[in-house]
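J.: Below is a structure I'd like to ask you about.
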Amino acid sequence: MLDLPVRNFADIIMIENTKQRGIFMGERKLDKLFGIRTVGIREWPDNKIQYNRYEPTPYKALDELAENYRFRDVNKVVDFGCGRGRVAFYLHNRFHLPVTGIEANYKTYEEALQNKAIYRLKAEHIIAPIKFKYGLAQHYKIDKEDNCFYFFNPFSVHIFRKVVYNILRSVEKDRRTVDLIFYYPISEYKEFLTSTPFTMTNEIRVPGGSDKKEKFIIYRKTENRPPF
């Protein structure tokens with residue numbers, strides 16, 4: 001297997017206790033199956049309070065989500081704050097879905113592109129596109145095919161609010177049912193969503209988790225068909 005060149009990893013902060021290092025070893029093995037490198041944590045420089053650090057969704061959590069959410073009904077996934085692309089590669093590979101990842105950290109975005117170059121050699125049989133875009137989440141133009149949006153607390157509720165309004169404007173223009181998927185949901189996001197047409201439809205807990213927040217919650221905005 002080809003390995004990606006290691007660069008720009010000086011600012012990755014690795015948790016050093018033995019238990020976590022063991023988990024990372026398992027995560028690395030799963031990364032290797034896809035030909036990617038996504039393990040590690042990256043803090044934002046200059047303490048940018050609007051953006052949270054990069055931290056990948058654990059594979060065990062993604063397995064649980066895949067077993068309990070109907071990705072077969074999804075047209076296209078958008079991962080806001082996609083990092084090095086773990087969620088994008090996982091869903092693309094398992095469900096052959098079109099996926100777009102949005103990343104605002106340029107170093108991390110470059111690493112996602114490096115991962116994609118190697119992954120595509122291993123998954124050339126999958127026709128569905130997988131794309132990564134560099135830029136701010138609130139500037140991403142929602143496509144009419146986008147109907148599933150993934151968040152692992154990538155930014156402040158101030159930015160999240162703008163992203164949700166962009167989604168709602170798109171749905172108003174091109175009517176469709178859309179889902180928001182949250183891993184490790186934070187209260188600020190949930191509080192804001194109470195003032196929107198989205199309603200919580202599912203909660204998926206990750207087995208073995210000691211933290212009650214270690215779960216997915218799904219919010220849905222159903223299609224409102226115009227009267228005949």
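J.: Want the number for Ala66 to Leu168: 0.36 nm per residue separation, take away the alpha-carbon distance, what's left?
T.: Details: separation 102, 0.36 × 102 = 36.72 nm, distance 2.52 nm.
Extra length from Ala66 to Leu168 when fully extended: 34.2 nm.
J.: Can you put Thr194, Thr38, Thr108, Thr222 in order of Cβ neighbours within 10 angstrom, beginning with the fewest? Present the calculation step by step, with values, prior to reporting the outcome.
T.: Numbers: Thr194 9, Thr38 26, Thr108 22, Thr222 15.
Starting with the residue having the fewest Cβ neighbours, the order is Thr194, Thr222, Thr108, Thr38.
J.: Two decimals is fine: what is log10 I(q)/I(0) at q = 0.09, 0.13, 0.16 Å⁻¹ for region 12-221, from a Debye sum with one equal scatterer on every Cα and no solvent?
T.: -0.33, -0.71, -1.13
J.: For region 105-228, list log₁₀ I(q)/I(0) at each q in 0.13 Å⁻¹, using the Debye formula over Cα point scatterers of equal strength and ignoring solvent, two decimals each.
T.: Here log10 of I(q) over I(0) equals -0.67.
Where a number appears in this text, it was derived from the coordinates with a stated rule and is not lab data. What you see is a predicted model, and the numbers here were worked out from it, not measured in a lab. Cβ sites come from the backbone with ideal geometry, for glycine too, and all protein chains shown count toward neighbours.
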